[in-house]
Amino acid sequence: MKPIVQTIRFAAVAAMAAALTASACGRESVTEPTPIVRDPVPAPIVTYTVSGVISEITDSGEMPLEGVHVENSESHDVTITDGDGFYSLGGFRAGMARLNLSKEGYELQFREVAVEGDVRFDAVMIPQDGSISSESRRSR
């Protein structure tokens, strides 16, 4: 036999003999099992929803505005207001949410909203020319 193989066998026999001796004498094994260590489960990421109504000012007062793009400026998720001007956009973490509001013919708006839970945020769009929008005139 080669010397290295003999050394390995001797070490294995010596370890087995020590374990058997310890077991026969009522003592615990010389080598204790290694405990299984599991990675901790990460806490779920809590997100919230920002929703509300986007409107415009008309001759007859404030009216809901359909077709406004509401964008989460951090994630770039986008939703579009419905016929009632309503939108709902999820995925916001607690803190300051940044929204971009846009619609052709209206001024682009960048708005910040404090988010500490689900929150309602309403806004009024302003026509680019500062007057009552042509869309408002058609709806009269």
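The values are calculated or read from the model by the stated rules, or taken from the named source; none is laboratory data. Owing to the predicted nature of the structure, the values given are computational and were not obtained by experimental measurement. Every residue, glycine as well, gets a Cβ built from its backbone with ideal geometry; the counts of neighbours run over all protein chains shown.
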Worksheet item: Do you know which of the residues in the stretch 45-89 that are modelled with pLDDT of 95 or more and of a type in the set (Gly, Ala, Ser) is nearest to ALA123 (Cα to Cα)?
Response: SER55
Discussion item. Just to be sure before I move on: is SER29 surrounded by 11 or more Cβ atoms within 10 Å (Cβ to Cβ), polar (S, T, N, Q), modelled with pLDDT under 95 and more than 31 Å from the chain's Cα centre (by Cα) in the structure I sent?
Written reply: yes
Practice prompt. Would you check which residues across the stretch 41-83 are of a type in the set (A, V, I, L, M) and in contact (Cβ under 8 Å) with a residue 12 or more places away in the chain and list them?
Written response: ILE45, VAL46, VAL50, VAL53, ILE54, ILE57, MET63, LEU65, VAL68, VAL70, ILE80
